[in-house]
Structure formats: structure tokens, C-alpha cells
Amino acid sequence: MEPDLVTSAQQRLAEGAEEEQFRPVVTYSPGMVFRRSLGGRFLDVSAASSALDGRPCEEIVGSSLADWVHPADAEAFDAAERQLADSGRVTVRLRLRLLHGDGRWVWTEPTCWVVRNERGDPVEVRGFIQEVDGPFPQGAEGARSREETLRALQGQARSIIDTARDAFVSINQQGEVIDWNQSAENLFGWTRQEMLGRTLTETIIPERYHDSHVAGLQRVLAGGEPHVIGNQVEVTALHRNGRELPVELGVWRQDSAAAGCFNAFIRDVTERKQAEQARMAVETERRHLLAQTIRSREQERTWLAAELHDGPIQRLTAIGYGFEEACLALENEGVEASRALFTQARRRLAEEIRGLRTLMAVLRPPALDEQGLAGALQDLADAFSRQHGVHCPVTVCLSQSLDPDIETVLYRVVQEALTNVARHARATNAAVSLTDSAYRAGSAELPDGTVVLTVTDDGVGFDATRVPEFVGGGHFGMASMRERVELASGTYNFSSSPGTGTRIKVFMPAGGDRQAMHGKEGQT
């Protein structure tokens, strides 16, 4: 393995390392490991840095490496900094004398690389500094020293590649695999021995991308503009079993006197993509629920406006005319005639006040707060029976209390259902039932912690497929019930057909504290 390939492997691993992986290295490394700003100031150093520098770590942080460099090595240091800025790394063929805290000069060998963010912008520099015996030896001895250093670095790079969490893949200029680490075996299902000498198009590139892969390789070899090299990109790869998986890869080209190759670290991003899709699904559902909530509120406001306009406002206007008529009678016809008109207007005003109180009870029934859901449903059914002559028993059998919001939703569903019965069903009988799993043991349709509400009638029924048509015509009763239930994480079902009546069934989470409650049955 060539020296610059070694350095590239170190650089790529470091750039891909996460912060929690680098932190233990800074903390526990026996050599000097550092993070520094792009301007050169140390941001963090390993505990062993004190031994190399002769100063406490807290004094090293905030200082600059340039302040320690021997004047005779300043030119080499400046050249290394330019190399760092241009290529993003400094090779290990650099030795500098650094000023020790006790005043002596220490020969060192630094290795540095630039860390970039997701957009590829440089954010900081990381690296290692180790103490050495002196400058690079000259002649044969120097050559042997460099060879020993190279072998050591090759072994270090091999270790990095073999133990890397990301898959490492290297191909030659013919597109044949020349390196393949253990993580690549785990990711793609092909062993190193199986992959060496084979092309990626034979193995891990989906067939639909074969032509673009070959064309891209030929374009780069011909000196054309690379589209992938030097960037972090997401692509689709192929497992040995035929399963496609999303991966993120960073590719760099390696040219040397011996041969050229292309290297890549590849990471499986399936979990990240699934998390992104889950977040998108949650956001889509959130927007859907928000739209439902807004629509439901607007429908209720439209209903309230219509009720007020067609009822109380019209009648109060008529009462106002009655008072005006009484005043005119007082002037023209005498006290007795006026008193009769005032009495009539006052009686109509009292009736209207009672009507407004009834409307307020519809908007927020006091019985829910005063008697609980069972009592409120019984009152609702009693009033429905008195007004419309429809027999409507209520059965409530619960072993637990319900969340107040759930109670409100269930009450509104019954309220809307009975309104529909009164307006459309022409029924003689209806029924309301509310129960939970304690009273329906073994029921497959009722999971534990769930309550079920059922409202039935024996009316004329209707074609269930026409519900969208009803909504389009401005009849929102069925739709508003479904929206209320689904917004509260419940399930809404109904069944009906001409001549068979209608049944509405709602499953809701109880959402309250479990406590003993006696089954209650009421009948009008």
C-alpha cells in the first residue's frame, strides 16, 4: 500500500468518525491528540500532551502550534499548512522541532487532517503529534528509516481499514475490486476472497445503474469532471441476496507511480432513511390532523352561526318589534292595550332565554361535569325521546374512569348520531351502549384498555356508499363524527342499508384511571 493511500485511509476514517468516537481518543491516547481551529489554535488536547509539551493541558488549549515551531523549521511548517489548506491533509513526512516547556527543543512528527461538515465546508483540524529521535536520517540509513516508517504506517492503515465500522472498497482503473474489508463483507454479503478481481457491476451495483457507473469511471480516467469523487453522496447498492439498500459513500481517487485506484468508505443508511420516512409520516399525519381540527371547528362555527341566525336572532328581532308595538300602543291606545303587548313580548323573551340556555347545554352539557358521562348520556336520550317519541334505552357498563376529553368525544358522537336519527331515520327505536373489556371478556374486537360505543336505530337506513355525496351536499354529520373519533386516536365504523336501520360503532382508548364502577342501565 502506497504512503499517500495510507494517509488517505487515515484521513477518510477520521473525517467519517463521529464525535463520540474521537472523544475517547483525545482523552486516553498515550500520544498527543488534538483538535484545533482552522486558524491554528488548539481546541482540545489529550492528557498525554503535557508530557510532550511540558505545559498543563489547560495552557495548551488556546495556544497555537506556530508559537512553538523552531525558526529553522518555520518554512517547512508554513508549507505544511498550505498543503493542509489545499489538500485537507498533511503527510507524515514532516518533522518539526517544537519548544518544550523547560526550554529545550523536541523533534516531533505531526499528522493532520481537515474535518468537514455535511456540506463539505472545513470546520476544524484534527491530528496527532508524536515525539521522534531527530530529523529524517540521510543516505541508506534514512532510506531504511523511511521504509520502516512506511511499513508501520501500512500496518496501521490496514488495521484502520480492517476494523472500520464503515465498509472499505477499493477498485483499480479497470473497475476490479482490489480491497474489501470485513465491514464490506457484513454489509453486502460477499467475502473478500469472492470479491477480489471482480467488478462492482457484477456484484453490488443494481443493473439499472451499470451503464452510468461504467461511463463515470471512463469519464474520470479520461480527465473529465467527476460527479461523485470528493463528495458524500447517497446511492442505492445491492446485497448478495438481491435486496437493495441505501448507502452513503465518500470516494477519493488515488494515483501513484505504481498504479491508480479509487477508494471508498461506504455506510449503510437504512436506519437513517427509515427514521426520516417516519418523521415525514408523523409530519404528514400532524398536518392532516391539524387540517381536520380546523375543518371540524369551522363546521361547528358554521353550525352555530346558522343556529343563532335562524333561531335566537330572528326571534329576538321579532320580540324587539313587539316591544316597539307595545310602546306605540301605550301612546295611542292606552295602558291596557300596551300591557297586553308587553306581557306577550316578555313571555316570548323568557322562552328565548330558555332556548339559549338549551343551546349552551348543547355546546357544553353541564351534565358531563355534574353527573359524568353515564348521566349525561341518559339525559341526552331522555330529551331525545320526549322530543321525537323514539324509544332509546342507554346502557353503560364501565370498569374504569375515562379521560375527560374522551368522554366529550363519546358524548358528541351520541349527540350527533341521535340528531341524525331524528332528522332522517324515521325510527321508532334507538339504543345507546357503552362498555369495555371487563364486561366483554374474550371479545376479539375489544383490546384491553379500550371502550366501545354503539348507537343503533331501526329506521329506514341509507346507502352507505353515498356518504361522500352527503358531505359534498353540506351534510357533515357522519364526517364530523369520524373526524372527532380519529383525532382522539379512536376507530369509527358504521353500517347501514335501505330498510335495515343504521349502526355506529366507535372504539376508543379509555385514557383514564382504572377503578371499580358498577354497571348502570337506564331506560326511557
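The values are calculated or read from the model by the stated rules, or taken from the named source; none is laboratory data. Quick caveat, the model's predicted, so the values are computed rather than measured. For neighbour counting, all protein chains shown are included, and Cβ atoms are generated from backbone atoms with ideal geometry for every residue, glycine included. The protein model used for the area step is the full one, side chains on, heavy atoms only, and it has no ligands, DNA or RNA in it. Shrake-Rupley method; radii C 1.70, N 1.55, O 1.52, S 1.80 Å.
Quick look at the numbers
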| item | result |
| --- | --- |
| Test for THR343: is it surrounded by 11 or more Cβ atoms within 10 Å (Cβ to Cβ), at pLDDT 75 or above and not in a helix (DSSP H, G or I) | no |
| Members of segment 394-425 that are under 13 Å from ALA376 (Cα atoms) and open to solvent by 10 Å² or more (accessible area, probe 1.4 Å) | THR395, VAL396, PRO404, GLU407, THR408, VAL409, TYR411, ARG412, GLN415 |
| The one condition in (1) of a type outside the set (A, V, I, L, M, F, W, C); (2) modelled with pLDDT under 85; (3) within 38 Å of the chain's Cα centre (by Cα) that ARG35 fails to fulfil | (2) |
| Matching entry among ARG219, ARG198 (being farther than 18 Å from ASP268 by Cα, at pLDDT 90 or above and out of contact with any Ser or Thr (no Cβ under 8 Å at 6 or more places or on another chain)) | ARG198 |
| Residue list for segment 163-192, filter: assigned to a helix (DSSP H, G or I) and within 16 Å of VAL247 (Cβ to Cβ) | SER183, ALA184, GLU185, ASN186, LEU187, PHE188 |
| Hits in segment 193-221 (condition: within 16 Å of ARG243 (Cβ to Cβ) and not in a helix (DSSP H, G or I)) | ILE204, ILE205, PRO206 |
| Subset of segment 162-216 that is of a type in the set (A, V, I, L, M, F, W, C) and in contact with a Cys (Cβ under 8 Å, 6 or more places away or on another chain) - its residue that is least open to solvent (accessible area, probe 1.4 Å) | ILE171 |
| Sole exception among (1) modelled with pLDDT of 80 or more; (2) of a type in the set (S, T, N, Q); (3) surrounded by fewer than 16 Cβ atoms within 10 Å (Cβ to Cβ) for THR108, by number | (3) |
| Options THR428, THR435; residue that is crowded, with 16+ Cβ neighbours inside 10 Å and either among the basic types (Lys, Arg) or modelled with pLDDT of 90 or more (or both) | THR435 |
| Residue count, segment 217-254 (criterion: within 34 Å of the chain's Cα centre (by Cα), among the basic types (Lys, Arg) and surrounded by 13 or more Cβ atoms within 10 Å (Cβ to Cβ)) | 1 |
| Top-ranked residue of segment 30-85 - restricted to ones that are among the basic types (Lys, Arg) and more than 13 Å from ILE129 (Cα to Cα), ranked as surrounded by the fewest Cβ atoms within 10 Å (Cβ to Cβ) | ARG82 |
